[in-house]
């Protein structure tokens, strides 16, 4: 769960300074002076309100202006924002139907990560947000929704991607012969979508639109602005940016095309099951080679505060457990199994196995860095709760063939994820009842 939440957080579009949760300004006044909202779209048994569209529209405008990007016409931008909100409603409805929820502990861990990345104490987050005009309760709700969607996609898309041993063999063979697969590419993307059961006329229209957009990009129009105006991909409102990807993690059907481009070039439209794709290569870089990976082997005991046990009580309880272990009256593994509240490691005696220090919470990693093998730390607090941790060993790990195959599998999964996600989103949209209201 720790790694899954980290993966989801890395993809979140909720920066600390986001104004997207400010109060809506599009509500009409009734004759009694009360604020009335309008419905922008009906989505199954739910709705998207005009206030939602207004808030998101303002947020997107500010983000695009901050990037010095020309804004498309208001009607075009509004349509893109509304489409994104409709898709979010559909995904959240699916998650609710399937019983996917985010606990308060998971939400607090995600918010603590946001605070840490912005170098502020977690307790100060509501105050800092308020200074930026952002309501903390609304911010929490938006974060919960984004995490919920991330878990839904993890279950319905990422976990269903199959990677065969043959694909891994072919991947490793290509890596040996093709050094460019290890390069990193900054790529932007535009999708002109084609419905699953499209008629020849719909396909021809989509192809013509893709060709027109390509020629405009070739003539010097900003690719990011074209993406905002025309792309049907979920990254449209980010200017189509896919960010930095290793060559091995690029969408499978686009890999060879992207690798043949020079920075600044745009490839002609390419057809896939979801539609016509245009890609622009922005930059290329060579990552630092890292064959030897430092790792630590640790085990820990985690206790959490609650309504009956405050920080002082939990810390004192951990100190007693630590003294029992140091005196030889109780084994660390036995105490962890009996007392630790970490569901991922308690049954294994608190053992977290061999890991790179950077997978841990920064506070946890800093404590481990100061320990000698066999030493048990004093109780300390992270965003997950209170810990004592024992360092069992350190090593510089030379990546074995097994690890290389595991990395290859993850890279192949990543290269398939974009296209599979687009197809999955199209199916969800096709199965949903959506009615956009006039206005």
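Read-outs throughout are calculated quantities, based only on the coordinates presented, and are distinct from any laboratory measurement. Computed from a prediction, not measured in an experiment: that's the story for all the values here. Cβ coordinates were reconstructed from backbone atoms using ideal geometry, including for glycine residues, and neighbour counts include every protein chain displayed.
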Cα gyration tensor shape of the chain, rounded if a/c is under 1.5, else prolate or oblate by comparing a/b with b/c: oblate
GNM flexibility winner over the chain from 427, 315, 166 (Cα, springs under 10 Å): 166
Relative to the first principal axis of the alpha-carbon coordinates of the chain, what is the inclination of helix 74-97, with its axis defined by its Cα atoms, in degrees from 0 to 90 and to the nearest 10? 50
Over the Cα atoms of the range 159-247, how large are the radius of gyration and the largest Cα-Cα distance (Dmax), in Å? 17.1, 44
Mind telling me which of 248, 75, 356 comes out most flexible in a GNM of the chain, alpha-carbon contacts under 10 Å? 75
Do you know the relative contact order of the range 291-395, to the nearest whole percent, from alpha carbon pairs under 8 angstrom that are 6+ apart? 43
Could you state the angle between the C-alpha long axis of helix 104-117 and the longest principal axis of the C-alpha atoms of the chain, as a value from 0 to 90 degrees rounded to the nearest 10? 80
Relative contact order for the range 183-289, counting Cα pairs under 8 Å that sit 6 or more residues apart, in percent: 44
Would you order 330, 249 from fewest to most other beta-carbon atoms within 10 Å of each residue's own beta-carbon? 330, 249
Estimated [θ] at 222 nm from DSSP helical runs (n ≥ 4, -39500 (n - 2.57)) normalised by residues in the chain, nearest 500: -15000 deg cm²/dmol
By how many degrees, between 0 and 90 and to the nearest 10, does the Cα long axis of helix 136-156 differ from the longest principal axis of the chain? 90
Test of understanding: in a Gaussian network model of the chain with alpha carbons linked when under 10 Å, which of 41, 338, 312 would top the mean-square fluctuation ranking? 312
Cα shape, the range 74-180, gyration tensor, a/c 1.5 rule: prolate
Return 404, 262 ranked ascending by Cβ neighbour count within 10 Å, so the fewest neighbours appear first. 262, 404
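Over the chain, what relative contact order in percent results from Cα pairs under 8 Å that are six or more residues apart?
Values: 630 pairs, mean separation 79.7, N = 439.
Averaging sequence separation for qualifying contacts and normalising by length gives 18 percent for the chain.
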Could you tell me which of rounded, prolate or oblate describes the range 300-381, using a ≥ b ≥ c as the square roots of the eigenvalues of the alpha-carbon gyration tensor, with rounded for a/c under 1.5 and, failing that, prolate when a/b is larger than b/c and oblate otherwise? rounded
Proxy reagent accessibility, fewest Cβ within 10 Å first, across 54, 277, 215: 215, 54, 277
